Amino acid sequence: MVKLEDLKRINLLKNVPDHLLELIAARAQLSIFGADTELISVNEDVNVFYMLIMGQVAIKKEISPNLEVIMDYLQTGASFGTSAFMEDSKASYTAVCQEPCEAITIAGDHLASLFEDNHELAFHMMLGIAAQYKHKMDMRAQMIIKAVNENPDLKNSIKNFNDLTLVA
(Lines give C-alpha, C1' and ligand atoms only; values in the text may rest on other atoms or scores of the structure.)
Protein backbone atom coordinates (compact mmCIF):
# COMPACT_ATOMS: atom_id res chain seq x y z
CA MET A 1 0.00 0.00 0.00
CA VAL A 2 1.20 3.49 -0.89
CA LYS A 3 1.22 6.34 1.65
CA LEU A 4 -1.27 9.19 1.21
CA GLU A 5 1.59 11.67 1.68
CA ASP A 6 3.27 10.25 -1.43
CA LEU A 7 0.07 10.50 -3.48
CA LYS A 8 -0.37 14.13 -2.41
CA ARG A 9 3.03 14.90 -4.02
CA ILE A 10 1.59 14.07 -7.45
CA ASN A 11 0.44 17.17 -9.34
CA LEU A 12 -2.75 15.73 -10.79
CA LEU A 13 -3.83 14.44 -7.36
CA LYS A 14 -3.26 17.65 -5.38
CA ASN A 15 -6.99 18.46 -5.13
CA VAL A 16 -8.25 14.91 -4.67
CA PRO A 17 -9.88 14.31 -1.24
CA ASP A 18 -8.16 11.87 1.11
CA HIS A 19 -11.00 9.33 1.03
CA LEU A 20 -10.44 8.97 -2.73
CA LEU A 21 -6.65 8.86 -2.43
CA GLU A 22 -7.11 5.93 -0.05
CA LEU A 23 -8.78 3.98 -2.88
CA ILE A 24 -5.73 4.52 -5.09
CA ALA A 25 -3.30 3.80 -2.26
CA ALA A 26 -4.89 0.39 -1.66
CA ARG A 27 -4.28 -0.69 -5.29
CA ALA A 28 -1.05 1.12 -6.15
CA GLN A 29 2.48 0.12 -5.38
CA LEU A 30 5.77 1.89 -4.88
CA SER A 31 8.28 0.99 -7.58
CA ILE A 32 11.97 1.81 -7.88
CA PHE A 33 13.70 1.91 -11.27
CA GLY A 34 17.35 2.28 -12.18
CA ALA A 35 18.80 4.81 -14.56
CA ASP A 36 18.20 3.96 -18.24
CA THR A 37 15.17 1.77 -17.43
CA GLU A 38 12.66 1.94 -20.26
CA LEU A 39 9.23 2.21 -18.67
CA ILE A 40 7.17 2.66 -21.82
CA SER A 41 8.18 1.64 -25.34
CA VAL A 42 6.76 3.08 -28.53
CA ASN A 43 4.13 0.86 -30.20
CA GLU A 44 3.86 -1.44 -27.19
CA ASP A 45 0.79 -1.86 -24.97
CA VAL A 46 0.48 0.71 -22.19
CA ASN A 47 -0.68 -1.16 -19.11
CA VAL A 48 0.69 0.91 -16.23
CA PHE A 49 0.04 4.46 -15.05
CA TYR A 50 3.10 6.11 -13.47
CA MET A 51 3.25 8.89 -10.88
CA LEU A 52 6.80 10.12 -10.32
CA ILE A 53 7.85 10.65 -6.70
CA MET A 54 11.57 11.05 -7.30
CA GLY A 55 13.83 11.24 -10.32
CA GLN A 56 13.57 12.31 -13.92
CA VAL A 57 12.03 10.54 -16.91
CA ALA A 58 12.67 11.52 -20.53
CA ILE A 59 9.80 11.26 -22.99
CA LYS A 60 11.33 10.45 -26.39
CA LYS A 61 10.09 10.07 -29.93
CA GLU A 62 12.06 8.78 -32.91
CA ILE A 63 11.31 10.97 -35.89
CA SER A 64 13.70 9.23 -38.29
CA PRO A 65 16.06 6.25 -38.05
CA ASN A 66 18.91 8.63 -37.19
CA LEU A 67 17.06 11.18 -35.07
CA GLU A 68 15.38 10.85 -31.70
CA VAL A 69 13.80 13.91 -30.09
CA ILE A 70 13.30 14.39 -26.37
CA MET A 71 9.78 15.77 -26.12
CA ASP A 72 9.88 16.39 -22.38
CA TYR A 73 11.72 15.75 -19.15
CA LEU A 74 9.28 14.75 -16.41
CA GLN A 75 10.17 15.63 -12.84
CA THR A 76 8.90 14.79 -9.38
CA GLY A 77 5.11 15.18 -9.23
CA ALA A 78 4.55 14.37 -12.89
CA SER A 79 2.49 11.46 -14.15
CA PHE A 80 2.42 9.60 -17.44
CA GLY A 81 0.96 6.54 -19.07
CA THR A 82 -2.63 7.78 -19.12
CA SER A 83 -3.22 5.54 -22.12
CA ALA A 84 -3.25 2.69 -19.61
CA PHE A 85 -6.84 3.73 -18.79
CA MET A 86 -7.92 2.67 -22.29
CA GLU A 87 -8.06 -0.91 -23.53
CA ASP A 88 -5.58 -1.98 -26.22
CA SER A 89 -3.74 1.33 -26.18
CA LYS A 90 -0.30 1.51 -27.80
CA ALA A 91 2.43 3.93 -26.74
CA SER A 92 3.27 6.79 -29.08
CA TYR A 93 6.51 7.59 -27.22
CA THR A 94 9.26 5.98 -25.18
CA ALA A 95 9.72 6.85 -21.48
CA VAL A 96 13.20 6.28 -20.03
CA CYS A 97 14.52 6.95 -16.53
CA GLN A 98 17.36 9.47 -16.72
CA GLU A 99 18.43 8.65 -13.17
CA PRO A 100 17.19 6.32 -10.45
CA CYS A 101 13.46 6.91 -10.09
CA GLU A 102 10.81 6.18 -7.52
CA ALA A 103 7.25 6.02 -8.81
CA ILE A 104 3.80 5.08 -7.68
CA THR A 105 2.48 2.61 -10.23
CA ILE A 106 -0.97 1.22 -10.77
CA ALA A 107 -2.20 -1.14 -13.44
CA GLY A 108 -4.50 0.57 -15.92
CA ASP A 109 -7.20 -2.07 -15.52
CA HIS A 110 -7.14 -1.60 -11.72
CA LEU A 111 -7.56 2.14 -12.13
CA ALA A 112 -10.33 1.69 -14.70
CA SER A 113 -12.12 -0.61 -12.26
CA LEU A 114 -11.78 2.04 -9.53
CA PHE A 115 -13.25 4.61 -11.93
CA GLU A 116 -16.23 2.35 -12.68
CA ASP A 117 -16.90 1.84 -8.98
CA ASN A 118 -16.31 5.44 -7.94
CA HIS A 119 -17.29 8.18 -10.37
CA GLU A 120 -16.10 10.89 -7.98
CA LEU A 121 -12.58 9.49 -8.21
CA ALA A 122 -12.81 9.34 -12.01
CA PHE A 123 -14.01 12.95 -12.09
CA HIS A 124 -11.10 14.20 -9.96
CA MET A 125 -8.54 12.21 -11.93
CA MET A 126 -9.86 13.48 -15.25
CA LEU A 127 -9.77 17.08 -13.96
CA GLY A 128 -6.11 16.56 -13.06
CA ILE A 129 -5.32 14.99 -16.42
CA ALA A 130 -7.15 17.76 -18.28
CA ALA A 131 -5.17 20.43 -16.37
CA GLN A 132 -1.94 18.57 -17.14
CA TYR A 133 -2.84 18.36 -20.83
CA LYS A 134 -3.78 22.05 -21.00
CA HIS A 135 -0.48 23.03 -19.40
CA LYS A 136 1.46 20.98 -21.97
CA MET A 137 -0.50 22.45 -24.87
CA ASP A 138 0.01 26.00 -23.59
CA MET A 139 3.75 25.37 -23.31
CA ARG A 140 3.91 23.97 -26.85
CA ALA A 141 1.92 26.93 -28.22
CA GLN A 142 4.39 29.30 -26.56
CA MET A 143 7.30 27.42 -28.15
CA ILE A 144 5.67 27.64 -31.59
CA ILE A 145 4.99 31.35 -31.19
CA LYS A 146 8.60 31.93 -30.12
CA ALA A 147 9.89 30.00 -33.15
CA VAL A 148 7.60 31.96 -35.47
CA ASN A 149 8.66 35.29 -33.95
CA GLU A 150 12.32 34.38 -34.46
CA ASN A 151 11.77 33.49 -38.13
CA PRO A 152 10.45 36.52 -40.06
CA ASP A 153 9.82 34.55 -43.29
CA LEU A 154 7.64 32.08 -41.43
CA LYS A 155 5.86 34.84 -39.53
CA ASN A 156 5.05 36.68 -42.76
CA SER A 157 3.51 33.53 -44.25
CA ILE A 158 0.96 33.20 -41.43
CA LYS A 159 -2.28 34.97 -42.27
CA ASN A 160 -3.71 35.12 -38.77
CA PHE A 161 -1.13 34.94 -36.01
CA ASN A 162 -3.88 34.67 -33.39
CA ASP A 163 -4.81 31.23 -34.74
CA LEU A 164 -1.64 29.89 -33.10
CA THR A 165 -2.81 30.72 -29.60
CA LEU A 166 -4.92 28.22 -27.72
CA VAL A 167 -8.01 29.35 -25.91
CA ALA A 168 -10.18 26.87 -24.08
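Tally the residues that are in contact (Cβ under 8 Å) with a residue 60 or more places away in the chain, part of a helix (DSSP H, G or I) and aliphatic (A, V, I, L, M), restricting the search to region 52-111.
Adding up the residues that qualify gives 1.
Of the residues that make up region 58-65, is at least one closer than 25 Å to H124 by Cβ, open to solvent by 70 Å² or more (accessible area, probe 1.4 Å) and among the basic types (K, R)?
Scanning region 58-65 turns up no residue that is closer than 25 Å to H124 by Cβ, open to solvent by 70 Å² or more (accessible area, probe 1.4 Å) and among the basic types (K, R).
Take the residues in region 23-51 that are assigned to a strand (DSSP E or B) and closer than 14 Å to V96 by Cβ, then tell me which one is nearest to the chain's Cα centre (by Cα).
Y50
All but one of (1) farther than 18 Å from Q132 by Cα; (2) open to solvent by less than 20 Å² (accessible area, probe 1.4 Å); (3) of a type in the set (S, T, Y) hold for S79; which doesn't?
(1)
Would you confirm whether or not region 6-23 contains a residue that is over 15 Å from M125 (Cα atoms) and out of contact with any Pro (no Cβ under 6 Å at 6 or more places or on another chain)?
yes
Filter region 103-129 down to residues that are out of contact with any helix residue (DSSP H, G or I) (no Cβ under 9 Å at 6 or more places or on another chain) and closer than 18 Å to G77 by Cα, then give me how many there are.
The qualifying residues number 2.
Kindly indicate which of D72, D45, D36 is acidic (D, E) and open to solvent by less than 50 Å² (accessible area, probe 1.4 Å).
When all the criteria are applied, what remains is D72.
Determine, yes or no, whether E87 is surrounded by fewer than 19 Cβ atoms within 10 Å (Cβ to Cβ), of a type outside the set (S, T, N, Q) and either closer than 20 Å to R140 by Cα or at pLDDT 90 or above (or both).
So E87 fails the test.
Do any residues in region 133-162 that are within 15 Å of M71 (Cβ to Cβ) have Cβ atoms under 9 Å from those of residues that are among the β-branched types (V, I, T) and at pLDDT 80 or above, where the two are at least six apart or on different chains, and which pairs are they?
So the pair list comes out as Y133/T82.
Could you look through region 1-33, keep only residues that are touching a residue at least 60 places away in the same chain (Cβ under 8 Å), among the charged types (D, E, K, R) and open to solvent by 40 Å² or more (accessible area, probe 1.4 Å), and pick out the one that is farthest from I63 (Cα to Cα)?
R27
The values are calculated or read from the model by the stated rules, or taken from the named source; none is laboratory data. Source: prediction; values computed, not measured. We place every Cβ from the backbone using ideal geometry, glycine too, and count neighbours over all the protein chains shown. Heavy atoms of the whole protein, side chains included, go into the accessibility calculation; ligands, DNA and RNA do not. Shrake-Rupley method; radii C 1.70, N 1.55, O 1.52, S 1.80 Å.
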